[in-house]
Every structure is written in C-alpha cells, then in structure tokens.
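Chemist: Take this structure, written in structure tokens, and hold onto it; I'll ask about it next.
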C-alpha cells in the first residue's frame, strides 16, 4: 500500500466506517451510496465523500461504493490484514471478557497468552489458551514475539507491569487500568478509562436534570 | 450550585483532573501547585490554570490548590455527589466486571439490578445483587426509578433492549454493545466501542511499523 498522509480526525472516524460497512456486509448489501451511508451513520454525505476521497475514493458517481472493497481497503489502512501477537495481563472478569472476544482473531489480533497472579487460575484455559503466572511473563514475551499487551489489572501494578512488557519488546499497550502509564514516546498506548466514561455520563445527566428541573 | 457555561473541551478534561486529584488524596497530598499538577498530567500549567479558572479557580497565587476542595468541587460539577440508580443488562464477563467495579457506589452510581437471558443465572448474586431474567426488566425499571442502563449484551439485542429501557423511563445508556442505538435526542448515550479502540491501536502500530521498517 502506498503511504498516505491522513489526518487524525479521519483516522478516528475510520473504525466507525469499518464497523458500519461490516454490518452492511453481514446483511448482504453489496453497494451503498454516500447518501444512504450518511443516513445510517449520522454523518453528512459530503463528509463521507471527503473522508473516503482521502485515500482514493473507492466510489463512482451515481453508482455508490462497493461495500466489500471499501471494507477491505479500510481494514488494510487500519492494519487489520496484518497479524499482531497479543497477551492479556489480568484474568479477572474484564480480562476474560476480552479473551472471549471472538473478533480478535478475525482482525489479526492473535491471543497468545493470559497472565494472572492468582495461583488458583494456573492451568485454567480460556478459548484453549492457558492462564500463566506472572513469573513466566518476561520469558514468554521475549520468546513469542509479543507486540501488544492488554492490561486488565489494578492500577497499583499497572505501571510496573507495563515497564516490564516494554523492556522486553512489547510495542503497544491497550490499557484498562485506571492510571496513566508514562511510557517512552515510541510506545503506543491506547487507554480505555471506563471511570472517565462513566463520569462524562454522570455530567451529562446532571446537566440534563438541571436544565429540566422546572419542566 | 450556580449554573456555569463550561466548554465541552474542559468537560472532557474534568474526569482526568478528578482522577489525578483522587490519586493525590490517596497519597495524602493536601496542596499542589499548577506546575506540579502539570508535570503529572502532561498538560501545561497555563492550561490547568485556565481550565480551573472556568469554574472559580480554587487556587491562590503561590499557594497552590487545596486538593480535597478541588476534588470535591469537580466531583460536584460532574454530578458525583448525586445518586443515580443503575442496572446492568447482560451478566456475561463484561457485565460482571462492571458489577464488581467498587468505585460505582462511591461515585453515586447505585447498582440496583443485573439482568440476563440465561436461566441458569437466575438467583445468582454479584456483590449481593441478584441476577434477574429479562421478562422482569420492564416492571423493575418502572418500580425502581432506574436512571441509567448499562448494555453489555450482543449488538443484535442492543437496540431492542435500549428502546425498552427508554420507553420505561431510563434517561441514559452506557453502551458497550458494538452498535449505535439511534435513540431520541433527549436520551444521553455514552458509547464504549472497544473494537474501535482496538482498531485505533492497530492503525498506530501499523503506521509505526511502516515508519521504522528500514531502521
């Protein structure tokens, strides 16, 4: 694929395009106009045309977009056609929920291992993958070419474990711990701070209630 | 509390301030300067001063911010001093992870019920809260003044369940299903689309690998 300069704003929208196009594919839709896509996604049709023109267009005037082709091309831009070895640290409910997330593999995320501190989980398997103990983490990361570490552990341990992963070659962290990791700039960190999401919800409810208290 | 006009950009940063101030409190820090807060949060000190001035300042030149006071005031703005009755729909791993999230209660989110379609879960309790079957959902929502519904169910059922919740008085949805809900505009929806987060991670790794392939 050629290198292209795509703005961060477009990049942020691509996963959403990918999700919608995937839903259309599941429903057997072969072509869609930017107008129809616009109605479904609640984005203007001109925004869609502009976004997709950024990387070649894929559409023909009056004929719409080929859903399968567009889905595949956006998948390539997102890197979903490449494989990434991934491990999950923390086999609690959240770690198990992610381990059971079947779309991982279809998007190139190959779950190689799950780690926990709880000795009672030794040898337990999730989707055929054994839960290992933390003392095996360092060697496992080195020997299995692990690119992504998923942190579903309490914040008190998150920084220490993240550093251990990075020191042993991990390039990216999907961080669910409620803290920032302060890793070197060349490490990719994608934070999912659920508590902050809940606070935004709380703020919006509070504001709504204040605005409507005299209704 | 007086009504204030605060920009959405500031609002987005408030949960992060709240989290940092909470960590400082846990470590017994009573006062912090905007410079020190700036170093920890990787936001400029002038940004911090500007943000906090938006709702009254709370700081004194050369004396820093009172951590406890600032934490409490931001909490009020976020509505965390008020109680909201909440239910979780979907008692799978993700639903259970959220149900076990102990910060819920301390932030005013009172977990009233957990629902699932799996009859084997009938009567099972999580943190003392019984898992109920979906046929009881409608009456439960009406009788218990439920304000927030958390959707941790597959996307195929999410829209239907969200509509049922809204029809029976729920005002806000914390949506973990991989789909948009298309609810009326007066309903507050906070989406947590984990698959999109993972795709952003994938994109960033792919771009990084391309940039460094000749290293």
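The values are calculated or read from the model by the stated rules, or taken from the named source; none is laboratory data. The structure presented is a predicted model; accordingly, all values stated were derived computationally and were not measured. Every residue, glycine among them, receives a Cβ derived from its backbone with ideal geometry; neighbour counts consider all protein chains shown.
Chemist: Which ones in the range A:129-156 are over 22 Å from the mean Cα position of the chain (by Cα) and at pLDDT below 95?
Modeler: A:130, A:156
Chemist: What number goes with the only condition from (1) in contact with a helix residue (DSSP H, G or I) (Cβ under 7 Å, 6 or more places away or on another chain); (2) touching a residue at least 60 places away in the same chain (Cβ under 8 Å) that residue B:145 does not pass?
Modeler: That leaves (1) as the condition not met.
Chemist: Any idea which residue in the range A:130-158 is farthest from the other protein chains (Cβ to nearest Cβ), counting only those that are crowded, with 16+ Cβ neighbours inside 10 Å and in a strand (DSSP E or B)?
Modeler: Ranking the candidates gives A:132 first.
Chemist: Can you pull out every residue in the range A:80-93 that is under 18 Å from residue A:157 (Cα atoms) and assigned to a strand (DSSP E or B)?
Modeler: A:87, A:88, A:89
Chemist: Same structure, new question: Based on this model, can you work out whether residue A:88 counts as touching a strand residue (DSSP E or B) at 6+ places or on another chain (Cβ under 9 Å) and buried (at least 22 other Cβ atoms within 10 Å of the Cβ)?
Modeler: Judged against the criteria, residue A:88 is a match.
Chemist: In a helix (DSSP H, G or I), within 20 Å of residue B:91 (Cβ to Cβ), within 11 Å of chain A (Cβ to nearest Cβ) and under 19 Å from the mean Cα position of the chain (by Cα) - does that describe any residue in the range B:191-201?
Modeler: Scanning the range B:191-201 turns up at least one residue that is in a helix (DSSP H, G or I), within 20 Å of residue B:91 (Cβ to Cβ), within 11 Å of chain A (Cβ to nearest Cβ) and under 19 Å from the mean Cα position of the chain (by Cα).
Chemist: For residue B:50, all conditions in the list (1) within 11 Å of another protein chain (Cβ to nearest Cβ); (2) out of contact with any strand residue (DSSP E or B) (no Cβ under 8 Å at 6 or more places or on another chain); (3) not in a loop (DSSP other than H, G, I, E, B) hold save one; what is the number of the exception?
Modeler: (1)
Chemist: Here is a check on your reading of the model: is residue A:3 within 11 Å of chain B (Cβ to nearest Cβ), modelled with pLDDT under 85 and within 20 Å of residue A:81 (Cβ to Cβ)?
Modeler: Considered against the rule, which asks whether it is within 11 Å of chain B (Cβ to nearest Cβ), modelled with pLDDT under 85 and within 20 Å of residue A:81 (Cβ to Cβ), residue A:3 comes out as yes.
Chemist: Restricting attention to the range B:170-188, report how many residues are more than 7 Å from chain A (Cβ to nearest Cβ) and at pLDDT 95 or above.
Modeler: 5
Chemist: A further question on this structure: Which of the residues that make up the range A:20-34 are surrounded by fewer than 15 Cβ atoms within 10 Å (Cβ to Cβ) and closer than 20 Å to residue B:154 by Cβ?
Modeler: Within the range A:20-34, A:26, A:27, A:28 meet the criteria.
Chemist: Something else about it: Determine if the range B:55-68 includes at least one residue that is more than 22 Å from residue A:178 (Cα to Cα), within 14 Å of another protein chain (Cβ to nearest Cβ) and surrounded by fewer than 22 Cβ atoms within 10 Å (Cβ to Cβ).
Modeler: yes
Chemist: I've got another one for you. So which residues in the range B:94-129 are within 11 Å of another protein chain (Cβ to nearest Cβ) and either under 17 Å from residue B:151 (Cβ atoms) or part of a strand (DSSP E or B) (or both), if there are any at all?
Modeler: If the condition is that a residue be within 11 Å of another protein chain (Cβ to nearest Cβ) and either under 17 Å from residue B:151 (Cβ atoms) or part of a strand (DSSP E or B) (or both), then B:94, B:95, B:96, B:97, B:98, B:99, B:101, B:104, B:109, B:126 are the ones that fit.
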